[in-house]
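Notes follow once the structure below has been shown.
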Amino acid sequence: MTGIQLQGMDQLLRRLETMSNQAEVVKEKALMKGAEHLKQEISNNAPTGPGSKHIKDNIVIEKKMDKVLVGPERSYFYGHFIEFGFYNVRVKRHISARPFMAPSFENNVGQIQRIMADEISRELRL
């Protein structure tokens, strides 16, 4: 039986592993760039009320595994009620939705994709 010896295979496998690690870093950077843009857009569109604390000043980016979540900080949970509307039991009527997060995403999805694609291209030097 004749054996085949591949020269340079170890180097190739190490290079592929390095590229895989680099791809993860590039993916994370691109996601964060897109998330930063979305965060700014949500902040610009968030409603403000009386007082000094506003949802618009408390939009955060949260990483969860391969996902990036953008929205109001947990203590501003009522942003959900503003986004989707709710029934107010005190005044016994429905309060209409005043969406600000979904429109921020929908109106900027193309721009977010471009920002992410530009970041990937820049990082990979394409």
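What number, in percent, do you get for the relative contact order of the chain if the mean sequence gap of Cα pairs under 8 Å and at least 6 apart is divided by its residue count? If you can, show how the numbers build up before the last one.
Working: 120 pairs, mean separation 33.6, N = 126.
Value for the chain: 27 percent.
Report, to the nearest 10°, how far helix 9-45 tilts away from the longest principal axis of the Cα atoms in the chain, using its own Cα long axis and a range of 0 to 90°.
Around 10 degrees separate the two axes.
Could you compute how fast the chain diffuses translationally, taking Rh as the Kirkwood radius over C-alpha pairs and applying Stokes-Einstein at 37 °C with viscosity 0.692 mPa s? Give it in µm² per second. List each step's numbers first, then the result.
On the way: Rh = 17.8 Å.
In µm²/s, the coefficient rounds to 184.
Taking θ as phi - 60°, what are the ³J(HN,Hα) couplings along the range 79-88 by the Karplus curve (6.51, -1.76, 1.60), each to the nearest whole Hz, with x for Gly and Pro?
My calculation for the range 79-88 gives x, 4, 5, 5, 5, 10, x, 6, 9, 8 Hz in order.
So which trypsin sites (Lys or Arg not before Pro) in the range 40-107 end up in coil per DSSP with only 16 or fewer other C-beta atoms within 10 Å?
Numbers: sites: Lys53, Lys56, Lys63, Lys64, Lys67, Arg74, Arg90, Lys92, Arg93; in loops: Lys53, Arg90, Lys92.
Passing both the DSSP loop test and the Cβ count: Lys53, Arg90, Lys92.
Show me, for the range 96-104, the HN-Hα J-couplings you get by feeding each phi into the Karplus relation (A = 6.51, B = -1.76, C = 1.60, θ = phi - 60°), rounded to Hz, glycine and proline as x.
So the J values, rounded to whole Hz, are 5, 5, 10, x, 9, 7, 4, x, 4.
Calculate the spin-label point distance for Asn88 paired with Met65, positioning each point 7 Å from the Cα along the beta-carbon direction, and give it in nanometres.
3.9
Only the coordinates and a few stated rules stand behind these numbers; no lab work does. Here the structure is a predicted model, which is why all the values come from computation and not from measurement. Here Cβ is always computed from backbone atoms with ideal geometry, including for glycine, and neighbour counts include all displayed protein chains.
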